[in-house]
Each structure stands twice: as structure tokens, then as C-alpha cells.
């Protein structure tokens, strides 16, 4: 598992993730990069779940964005449809938090495309801890990036599947 937090504040969008990869109760890697940016489309994404599955979904998201001229809403819905109905994709175990300058979504393998009401998303094993911390910090004077960093830090203090090796992408 992992912890991903997405924060929107002052026209800045940040996705942060921890770097821990676990297999059962064993830490396999502490510096994994679970956040990515699609430069051409100004989209950022964070993944929780199986690494190979997440990378497959990221590639699919990128191709959907190309097909739909960068329309994140349409691309997210199309990816979720494929994920739910395709025999191969249906077995993938991951969650995605994705965003562009205007919208943020959580995507799941059950076909969910959720647009949260607030300016924060948290997913993964420590997602609820990071979400709670970010919701408290969002109303302070600190930047979106600092909110995300502090939220991951809080999650890493509570969740054994989350560490403090933070990767950040922003638009």
C-alpha cells in the first residue's frame, strides 16, 4: 500500500506520495516514485496499490488523454469504463488520484470516477490520515506543496505502510 495526497490551493495543484513499497509486513523499497506527470497534457497522477498495475493504468490514462485531446473528465470516464469491463484490466488492483488545473478525480477499478467536494484527496493505506491532516492545514497560510508534505508526514507517523520519502509533482 501507499499514501497519496492531492491538494489544490491558490491555483496550485500538488500530488504527493510516499516512497515505501511493502510486500506483506516487509519493506521491499523505500524510494519508489508513485506520482507522475503527463507533461504534454499538464496532468498529474498518484497511484496506490500494485506498482505494475498502477504503471499500466498510467499508460492507459496517457493514451486516453491523447485520444480525447487532453479532456481529463472524458479520459477519466473512458479509463474507468475500460478498467471495469476489460477482462485484463478488471484484475488490476490500484486507485488513482488525478488532476489538471481545473478538476481532480479519484478513479477505481469498480468504475468509480469521483470528483471530491473539497480541495483535498487522500488514497491508499494512509490516505485517510493524510486527508485529515491536509483538511486541517488547507486553511493555513502555507503553500499547497507544504500542506501535502506535512500530510504525508502525519500519515507516515501513523501508517506502517507509509514512509517519509516524499515525491511531489505540481502544476
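Regarding residue 105, is this residue assigned to a helix (DSSP H, G or I) and either at pLDDT 85 or above or over 15 Å from the mean Cα position of the chain (by Cα) (or both)? Walk me through it before giving the result.
Values: assigned to a helix (DSSP H, G or I): no; either at pLDDT 85 or above or over 15 Å from the mean Cα position of the chain (by Cα) (or both): yes.
So residue 105 fails the test.
In the stretch 1-32, which residues are at positive phi and touching a helix residue (DSSP H, G or I) at 6+ places or on another chain (Cβ under 8 Å)?
Listed by number, the list holds a single entry, 10.
What are the residues in the stretch 96-119 that are in contact with a helix residue (DSSP H, G or I) (Cβ under 7 Å, 6 or more places away or on another chain) and surrounded by 24 or more Cβ atoms within 10 Å (Cβ to Cβ), if any?
Answer for the stretch 96-119, where residues must be in contact with a helix residue (DSSP H, G or I) (Cβ under 7 Å, 6 or more places away or on another chain) and surrounded by 24 or more Cβ atoms within 10 Å (Cβ to Cβ): 96, 98, 105, 107.
In this structure, does residue 13 turn out to be within 24 Å of residue 157 (Cβ to Cβ), within 18 Å of the chain's Cα centre (by Cα) and outside any loop (DSSP other than H, G, I, E, B)?
Details: within 24 Å of residue 157 (Cβ to Cβ): no; within 18 Å of the chain's Cα centre (by Cα): yes; outside any loop (DSSP other than H, G, I, E, B): yes.
It is false that residue 13 is within 24 Å of residue 157 (Cβ to Cβ), within 18 Å of the chain's Cα centre (by Cα) and outside any loop (DSSP other than H, G, I, E, B).
Please work out which one of (1) farther than 21 Å from residue 131 by Cα; (2) surrounded by fewer than 16 Cβ atoms within 10 Å (Cβ to Cβ) is the condition residue 38 fails and give its number.
Among (1) farther than 21 Å from residue 131 by Cα; (2) surrounded by fewer than 16 Cβ atoms within 10 Å (Cβ to Cβ), residue 38 violates only (2).
Taking the options 63, 22, name whichever one is farther than 25 Å from residue 146 by Cβ, touching a residue at least 40 places away in the same chain (Cβ under 8 Å) and outside any loop (DSSP other than H, G, I, E, B). Explain how you work it out, then say what you get.
On the way: 63 fails: touching a residue at least 40 places away in the same chain (Cβ under 8 Å).
Within the list 63, 22, the selection yields 22.
Residues that are assigned to a strand (DSSP E or B) and farther than 22 Å from residue 170 by Cα: does the stretch 67-78 have at least one? Lay out the reasoning, then the answer.
Of the residues in the stretch 67-78, the ones assigned to a strand (DSSP E or B) are none.
No, the stretch 67-78 has no match at all.
Can you go through 52, 76 and tell me which one is under 29 Å from residue 163 (Cα atoms), exposed (fewer than 15 other Cβ atoms within 10 Å of the Cβ) and out of contact with any helix residue (DSSP H, G or I) (no Cβ under 6 Å at 6 or more places or on another chain)?
Numbers: 76 fails: exposed (fewer than 15 other Cβ atoms within 10 Å of the Cβ).
Being under 29 Å from residue 163 (Cα atoms), exposed (fewer than 15 other Cβ atoms within 10 Å of the Cβ) and out of contact with any helix residue (DSSP H, G or I) (no Cβ under 6 Å at 6 or more places or on another chain) holds for just one of 52, 76, which is 52.
Here's the yes/no breakdown for (1) modelled with pLDDT of 95 or more; (2) farther than 19 Å from residue 166 by Cα; (3) in contact with a strand residue (DSSP E or B) (Cβ under 9 Å, 6 or more places away or on another chain); (4) assigned to a helix (DSSP H, G or I):
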site	(1), (2), (3), (4)
4	yes, no, yes, no
7	yes, no, yes, no
32	no, no, yes, no
82	no, yes, no, yes
96	no, no, yes, no
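Within the stretch 120-159, how many residues turn out to be free of Cβ contacts under 8 Å to residues at least 40 places away in the same chain and part of a loop (DSSP other than H, G, I, E, B)?
Count: 4.
When the residues of the stretch 34-49 are filtered to those that are touching a residue at least 60 places away in the same chain (Cβ under 8 Å) and not in a strand (DSSP E or B), which remaining residue is farthest from residue 96 (Cα to Cα)?
That would be 42.
The values are calculated or read from the model by the stated rules, or taken from the named source; none is laboratory data. On a predicted model such as this, the values are computed, not experimentally measured, just so you know. Note: ideal-geometry Cβ built from the backbone for every residue, glycine included; neighbour counts use all protein chains shown.
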